[in-house]
Amino acid sequence: MGPLRTEAIVLRSIRYGEADRILHLYTPEHGRLGAIAKGARRARSRFGGRLEPYLRVRLVLHQGRGELLTVTAADTLATHAGLRRHARTLEAAARACDAVARMFDSAEPHPEVFALLARMLALLAADPAHAAPQTGLSFRLKLLLAAGLLPQLGACAACGEREHLRAFSAAAGGVVCSACEASGFPLAEQAYGFLTGALARPLARAPQATLPALRQAERAIIETLEHHAHVRLRPLLDAGGAVRIGS
């Protein structure tokens with residue numbers, strides 16, 4: 001097998017041994033990959049600082065005897081340096097990468113997910129305002145769409161009714177009407193508007209909503225993933241609506 005040449009975003013970088021790094025990578029054509037960069041932590045490493053988390057890079061990888069690919073060359077395409085200036089943008093970048101790692105953990109290609117993650121990191125690097133919870137929730141909702149897990153939002157998921165959509169039920173598969181709402185939790189009109197608006201708008205223009213509405217939207221996203229994919233994401237908001245940092 002010849003070398004694998006690919007763009008990648010470094011989701012995570014872990015110290016290994018005396019001088020190596022284990023990398024969790026997301027690529028447009030090969031999905032999630034694991035790789036080892038031998039000697040990457042040495043002072044005179046040929047990789048320099050090109051394998052840090054959240055960087056967009058171009059790599060040359062070789063298949064060895066183990067499960068991990070070996071990095072033999074790396075070039076930086078985007079450092080996203082701006083996101084390292086604020087704790088909240090670093091946290092938002094970490095949670096975006098973690099969501100991709102948990103939801104798309106195979107080598108199945110999803111180029112749209114790679115493009116979405118690259119866009120999210122670029123936005124965070126350009127303006128800390130994009131660390132706001134509405135952008136993070138919009139990002140996660142678009143990941144649901146890419147994964148084929150988007151809940152039903154246009155009509156009651158239980159009976160098909162298109163009016164009086166007042167609750168959300170992950171078990172039913174989406175929003176439910178007043179006649180079926182016993183199977184779900186209350187969903188305010190603004191929370192429903194956020195879910196539909198976030199899907200219709202670019203990531204950079206995530207709709208505004210009150211914190212109670214954002215909490216309801218987040219609950220809909222989290223419960224959908226847990227019920228249909230058995231994936232648990234770390235919440236973006238705490239119980240009081242504030243953005244979580246470091247949890």
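Read-outs throughout are calculated quantities, based only on the coordinates presented, and are distinct from any laboratory measurement. Computed from a prediction, not measured in an experiment: that's the story for all the values here. Ideal geometry is used to build each Cβ from the backbone, glycine not excepted, and the neighbour counts take in all protein chains shown.
Summary table below
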| item | result |
| --- | --- |
| Degrees between helix 87-103 axis and first principal axis of the chain (Cα, 0 to 90, nearest 10) | 80 degrees |
| At most 16 other Cβ within 10 Å, DSSP loop - GluC sites (Glu not before Pro), the stretch 1-98 | Glu18, Glu29, Glu67 |
| Pairwise FRET efficiency - Ala81 versus Ile22, Cβ, R0 = 25 Å, nearest 0.05 | 0.60 |
| CD proxy at 222 nm, helix term only [per DSSP H run n ≥ 4: -39500 (n - 2.57); per residue of the chain; nearest 500] | -10500 deg cm²/dmol |
| Gain upon complete extension [His62, Asp105; 0.36 nm per residue less C-alpha separation] | 13.5 nm |
| The stretch 103-172 - convex hull of alpha carbons, volume per residue in Å³ | 121 Å³ |
| Sparsely packed trypsin sites (Lys or Arg not before Pro) within the stretch 1-96, loop by DSSP, other Cβ within 10 Å at most 14 | Arg42, Arg44, Arg46, Arg65 |
| Net length gained if the chain between Phe185 and Thr72 were fully extended (0.36 nm per residue, minus Cα distance) | 35.6 nm |
| Percentage, to the nearest whole number, of Cα pairs in the chain over 34 Å apart | 23 percent |
| Folded to 0 to 90 degrees: helix 211-229 orientation relative to the chain principal axis, Cα | 70 degrees |
| Cβ crowding within 10 Å averaged over residues, with 115-128, 142-155 ranked highest first | 115-128, 142-155 |
| Gain upon complete extension [Ile14, Leu211; 0.36 nm per residue less C-alpha separation] | 67.4 nm |
| Pairwise Cα inverse-distance average, inverted: Kirkwood Rh of the stretch 132-229 (Å) | 13.0 Å |
